[in-house]
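One structure is given below, encoded as structure tokens.
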Amino acid sequence: MLLIAVVTATLGAGSTYAFLNASASANAATSVSAGSAGFSVATVSALSTTGLYPGSGFSYGTYTLTNEGEVALTISVTAASATDTGGGTNLGAALTIDAALVPVATACTAATYNQYTRGGAGNLSVAAGLVAPNRFLVNPPKPTTRLCVRVSLPTSAPAAAAGRTTNVAITLGGVQV
Amino acid sequence: MNKLVKGAVATGLGVALLMGGAGTLAFWNATTPLAAASGGAITAGQLSASAGAAGTWNYGTSAGPVVNLATFKIVPGDTIVYTQNVTLTATGDNLKFSIGSTGAGITGTGAAANTALQAALGNGAVVTYTVTGGTGTLTSLGGGQYKVATAGTSTVAVTVTVTWPFGASADNAAQTGVATLAASSLAFTQIP
């Protein structure tokens, strides 16, 4: 009879079974910084209400809007007021106030004012607005646009408006698009 | 006593002499080597991975403009994508493994804008991968699990995506915030 010896390998006491694993790095740690939304207004030629009289024509103000942030903005008039110096609204209430966003090279005397009128429909131009700077450049130029404001005193203005001075205030708002 | 009787008596005595005394009994044994194919070296499989060359951050998709995060300012509506290859070596006749990711959390601390940015970015980037093959081939088992079909190397393309969704209402809290994106890695783990 041929006897075949059977040998069984045994694990030492306290051993644990293993499995394979591996890993590889992807991105390294880094900072992520957020941009902002903002714009500034600079006066090129101030609006004046001096010497206005019914039917005298328009007085113009020219302003430069500059995008100070990283996003494109639609610009709108959030408030427009004309407050007479010394109280009252005889002159201020009678003024017509129009505004328009135009290319920087456009003279306000030649602009078309079909975007904003106090008390009317429309709120400047959604399409024009302020475009975003090129964020893929280091220190990119800040986009600009021109705000034209014109006021006039219609022939229907009351006599009480004569001799008065009014302060015109226009507040603009920008919303990311 | 006749001869036959004498012979038989003599044989019995001889046998008795052989078995008596102080000697030990013996047994027979024999050995035969097993076939050569049943022996030889035992080779273990392998599961290893190494990162490829450092990837790049791009805007929008992996094919978009290159972004330098040191100067880039992220805003609502932005997506930035990091891509890099990993080389996987997998050998083993019955080797199966899963692929997962670790890291890529986004943390903003200190100023309120920083914590707001962390929340705006979803508290972390999304890590995805694509196995694109190589000298080896893998069989997808679904659910991020694979089996080695052919031993060798495979390229795994990793993508890390950071997104700031464009919301339905204005929220300026995260403007100028700064957050930290943690490092990420792919993990390959053998499964039974």
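Distance from the C-alpha centroid of segment B:148-192 to that of segment A:72-100: 51 Å, rounded to the whole angstrom. Averaging 1/r over every pair of different alpha carbons in segment B:33-181 and inverting the result gives a Kirkwood radius of 18.2 Å. Leaving ligands and nucleic acids aside, the B/A contact buries around 3100 square angstrom of accessible area in total at a 1.4 Å probe radius. Solvent-accessible area of chain B (1.4 angstrom probe, protein heavy atoms only): carbon and sulfur portion equals 60 percent. This model, with +1 at the C-beta of Lys and Arg and -1 at the C-beta of Asp and Glu, gives chain A a dipole about its Cα centre of some 180 debye. Assuming 1.306 mPa s and 10 °C, estimate D for segment A:29-177 with Stokes-Einstein, Rh taken as the Kirkwood radius over Cα pairs, in µm²/s. Answer from the Stokes-Einstein relation: 95 µm²/s. Temperature 37 °C, viscosity 0.692 mPa s: under these conditions the Stokes-Einstein estimate for the protein assembly as shown, based on its Kirkwood radius over C-alpha pairs, is 114 µm² per second. Would you check the accessible area of B:Lys96, probe 1.4 Å, heavy atoms only, in square angstrom rounded to 10? Rounded to the nearest 10, the figure is 60 Å². The solvent-accessible area of B:Thr163, taken with every protein chain present and a 1.4 Å probe, is close to 60 Å².
Using a 10 angstrom cutoff on alpha carbons, build the Gaussian network for chain B and name the most mobile of B:Trp57, B:Trp28, B:Trp164. Of the options given, B:Trp28 has the highest mean-square fluctuation.
Going by accessible surface with a 1.4 Å probe and the largest first, A:Ser23, B:Ser184, A:Ser81 read A:Ser23, A:Ser81, B:Ser184. Between 0 and 90 degrees, the angle of helix B:3-19 with respect to the longest Cα principal axis of chain B falls at about 30 degrees. Applying 0.36 nm per residue to the separation of A:Ala42 and A:Val138 and subtracting their alpha-carbon distance, the gain on full extension is 32.1 nm.
The listed residues A:Arg118, A:Arg135, once ranked by accessible area (1.4 Å probe) with the largest placed first, stand as A:Arg118, A:Arg135. When chain A is modelled as a GNM with alpha-carbon springs shorter than 10 Å, which of A:Thr50, A:Thr117, A:Thr64 fluctuates the most? In this elastic network of chain A, the residue with the biggest mean-square fluctuation among A:Thr50, A:Thr117, A:Thr64 is A:Thr50. Taking 7 Å steps out from each Cα toward its Cβ at A:Val104 and A:Val131 produces label points 1.2 nm apart. A 1.4 Å probe over all protein chains sorts A:Val168, A:Val41, A:Val151 by accessible area into A:Val41, A:Val168, A:Val151, starting with the largest.
Let a ≥ b ≥ c be the square roots of the eigenvalues of the Cα gyration tensor of segment B:31-105; is it rounded (a/c under 1.5), or, if not, prolate (a/b larger than b/c) or oblate? Prolate, because a/c is 1.5 or more and a/b exceeds b/c. Taking Lys and Arg as +1 and Asp and Glu as -1, the other residues whose beta-carbon sits under 13 Å from that of A:Ala99 total +2.
Rounded to whole Å, give me the distance from the Cα center of segment B:54-129 to that of segment A:102-134. When both Cα centres are located, 40 Å separates them. Summed over the residues of chain A and divided among them, the accessible surface reaches 55 Å² per residue at a probe radius of 1.4 Å. Could you work out what % of the accessible surface of segment A:33-177 is carbon and sulfur, using a 1.4 angstrom probe and leaving DNA, RNA and ligands out of the count? Percent of accessible area from carbon and sulfur atoms in segment A:33-177: 54.
The values are calculated or read from the model by the stated rules, or taken from the named source; none is laboratory data. Owing to the predicted nature of the structure, the values given are computational and were not obtained by experimental measurement. Reconstructed Cβ throughout: ideal geometry from the backbone, glycine too, with neighbour counts over all protein chains shown. What goes into the accessible areas is simple: the full protein's heavy atoms, side chains included, and nothing from ligands, DNA or RNA. Shrake-Rupley method; radii C 1.70, N 1.55, O 1.52, S 1.80 Å.
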